[in-house]
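Peer 1: Pasting in a structure now, in structure tokens, and then I'll have a few things to ask.
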Amino acid sequence: MATSSSGNQTRYFTDSTIREVIYTYKLANKKVYMSSALQKKSLVVEKMKRIYVYIHGQTASKLITHVPDIVIKQGLQKKIPYTRPMFGVLMFVDVSGFTALCEKYGMEAKKGCGSDALTKTLNEYMGAIVENILDSNGDVIKFAGDAILSFWETTTKTALNGLVSALKCGMKIQKKCDNWDTEVGVKLRVKIGVAVGPLYATFIGNKDSQQFVMSGPCINNVRDAENAASAGLLVLSPKTWKVCPDKKRMTYALMRDSEHVKVLNITKDWGKEYDPSKSKVVSAVSYFTKKSNSNFNNALPRKRQHIDTIVRKGMLEPYVAAPVINKIEENQPLEYLCELRQVSIVFINLTLTSVPKEVECFILQDAFDAINETVVQFQGCLNKVFMFDKGCTFLVIFGLPGYKHENECAHALQCSHRIRERIESIDKIIRASIGVTTGNVFCGVVGHPDRHEYTGMSILTQLIQY
């Protein structure tokens, strides 16, 4: 399957369509000699452009499921670095129980059967969460260890449409995924924070590796709401509760801080005036043509509305983890990446001075250049970048598939020391805090066939988040 663009949509073509166009191109080549020079040029350029898309679309269709809509929509045509102001609803889903689950299956892995069973359990559970988000027209922004950040982009006028979608989605996730039983006796619990408001998407990187960072009031509010929640609860930020519609059809209670509100139940007709499925104004930015099967390698890419670009392999690769790129190029199943393995993790937290967002993106770009260049030199992988009110966090992993070395612990320490030296020379960065740890982590492609990422899960990633 391959991609091309028509009007305001990104289209996906079957192999039969590819053969038909290539045949058409051959016929066109025979006719160009009888055409004017202008006709010849337009025919050749158009057909070559389409064939280029088909050739690269085979890989692009596999990569696109690793990338959120926000990147496809905003990050492929702009010159990096840049920051874009946005408005919408964020939902932070945090799962507990993965540490115990990994430990249980880790014991089975010594017998040669734990990793496959753990992979199946993780993706059944995370896949159920992601499917609810996708079905509610949400965009899965990032997988952060055992947490998922999702987004409903709106305007200030359509914010309640997005809030209704997110809140209904969150309640469905709580009903279906909380107290999830596993075959090893570990229960998986889920807590959810929801916030609406302004935020920023900042894109940084180079031609080989790119990252995007969400920041701003809404990000801080959703993190606070998630922190205020306990397992089994969905909590709204104070500002979100103020604008929340139709409170008479809700069962809710004030949290101990007397600011956040936990939503215990909503009626079937709650928020019907703002339900995107019944309203003419819909805030979501993506939809799905049909359900994919459970195999990541055969996943059907999603159609995106309001995207006027041809999605090519080269546009997506910088946003996808290097081990995934290697497996796709080798035409090997992504399931081969799922395993319990020993890695060294470097956690870099940067505290920045308060500057306008237009300036902040260049500071983050300078930090990215310093960190990424050093990481590449020591043969590690820059895996994630996060930004909350406490600063910007870079997550680097040593020991991933294709990057395993005998002295990776030493590499991680030497890399950290070099990064600290380089970061200290960057203006507007007040402090750089770096932590290094080594241990067993579940590494693999986690999520749903339509949307997944290569990530790591264990107590190590929990320490990094907090």
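Peer 1: Taking the conditions exactly as written (open to solvent by 60 Å² or more (accessible area, probe 1.4 Å), within 12 Å of VAL89 (Cβ to Cβ), among the hydroxyl-bearing types (Ser, Thr, Tyr) and out of contact with any Lys or Arg (no Cβ under 6 Å at 6 or more places or on another chain)), does THR155 satisfy them or not?
Peer 2: yes
Peer 1: Do we find that LEU160 is surrounded by 19 or more Cβ atoms within 10 Å (Cβ to Cβ), assigned to a helix (DSSP H, G or I) and out of contact with any strand residue (DSSP E or B) (no Cβ under 8 Å at 6 or more places or on another chain) in this structure?
Peer 2: It is true that LEU160 is surrounded by 19 or more Cβ atoms within 10 Å (Cβ to Cβ), assigned to a helix (DSSP H, G or I) and out of contact with any strand residue (DSSP E or B) (no Cβ under 8 Å at 6 or more places or on another chain).
Peer 1: What about THR121, is it more than 16 Å from SER215 (Cα to Cα), modelled with pLDDT under 95 and not in a loop (DSSP other than H, G, I, E, B)?
Peer 2: Taking the combined requirement at face value, the residue satisfies it.
Peer 1: Of (1) open to solvent by less than 30 Å² (accessible area, probe 1.4 Å); (2) not in a helix (DSSP H, G or I), SER165 satisfies all except one. Which?
Peer 2: Among (1) open to solvent by less than 30 Å² (accessible area, probe 1.4 Å); (2) not in a helix (DSSP H, G or I), the lone unmet condition for SER165 is (2).
Peer 1: Looking for something surrounded by 20 or more Cβ atoms within 10 Å (Cβ to Cβ) and modelled with pLDDT of 90 or more - is there at least one such residue anywhere in region 244-253?
Peer 2: Checked against the condition, which is being surrounded by 20 or more Cβ atoms within 10 Å (Cβ to Cβ) and modelled with pLDDT of 90 or more, region 244-253 yields at least one hit.
Peer 1: May I pose another question? SER344: modelled with pLDDT under 95 and either under 28 Å from CYS409 (Cβ atoms) or of a type in the set (Val, Ile, Thr) (or both), yes or no?
Peer 2: So SER344 passes the test.
Peer 1: Do we find that ILE64 is part of a helix (DSSP H, G or I), at pLDDT 85 or above and hydrophobic (A, V, I, L, M, F, W, C) in this structure?
Peer 2: Considered against the rule, which asks whether it is part of a helix (DSSP H, G or I), at pLDDT 85 or above and hydrophobic (A, V, I, L, M, F, W, C), ILE64 comes out as yes.
Peer 1: Okay, moving on. How many residues does region 113-143 hold that are in contact with a Leu (Cβ under 9 Å, 6 or more places away or on another chain), open to solvent by 10 Å² or more (accessible area, probe 1.4 Å) and within 23 Å of PRO85 (Cα to Cα)?
Peer 2: Of the residues in region 113-143, 1 are in contact with a Leu (Cβ under 9 Å, 6 or more places away or on another chain), open to solvent by 10 Å² or more (accessible area, probe 1.4 Å) and within 23 Å of PRO85 (Cα to Cα).
Peer 1: Also, quick follow-up: All but one of (1) touching a strand residue (DSSP E or B) at 6+ places or on another chain (Cβ under 9 Å); (2) open to solvent by 20 Å² or more (accessible area, probe 1.4 Å); (3) on the phi < 0 side of the Ramachandran plot hold for GLN379; state the number of the condition that does not hold.
Peer 2: Result: GLN379 fails condition (3) only.
Peer 1: Please determine whether any residue of region 368-379 is under 18 Å from VAL213 (Cα atoms), among the aromatic types (Phe, Trp, Tyr) and at pLDDT 95 or above.
Peer 2: Checked against the condition, which is being under 18 Å from VAL213 (Cα atoms), among the aromatic types (Phe, Trp, Tyr) and at pLDDT 95 or above, region 368-379 yields at least one hit.
Peer 1: Here is a list: ILE426, ILE430. Which entry is in a strand (DSSP E or B), surrounded by fewer than 18 Cβ atoms within 10 Å (Cβ to Cβ) and either modelled with pLDDT of 90 or more or basic (Lys, Arg) (or both)?
Peer 2: Within the list ILE426, ILE430, the selection yields ILE430.
Peer 1: Of VAL95, VAL130, which residue is in a strand (DSSP E or B) and either over 16 Å from ARG341 (Cβ atoms) or at pLDDT 80 or above (or both)?
Peer 2: Of the residues listed, the single one that is in a strand (DSSP E or B) and either over 16 Å from ARG341 (Cβ atoms) or at pLDDT 80 or above (or both) is VAL95.
Peer 1: Of all residues in region 186-204, which are over 26 Å from LEU160 (Cα atoms), open to solvent by 10 Å² or more (accessible area, probe 1.4 Å) and assigned to a strand (DSSP E or B)?
Peer 2: LYS187, ARG189
Peer 1: Can you tell me how many residues in region 177-198 are modelled with pLDDT of 95 or more and over 17 Å from ASP146 (Cβ atoms)?
Peer 2: Here the count works out to 5.
Peer 1: When you scan region 208-253, how many residues do you find that are part of a helix (DSSP H, G or I) and in contact with a Ser or Thr (Cβ under 6 Å, 6 or more places away or on another chain)?
Peer 2: Residues meeting the conditions: 3.
The values are calculated or read from the model by the stated rules, or taken from the named source; none is laboratory data. Note that this is a predicted model, so its numbers are computed, not measured. Using ideal geometry, Cβ is built from the backbone for each residue, glycine included, and neighbour counts are taken over all protein chains shown. Remember, those area values only see protein heavy atoms, side chains included, never the ligands or the DNA or RNA. Shrake-Rupley method; radii C 1.70, N 1.55, O 1.52, S 1.80 Å.
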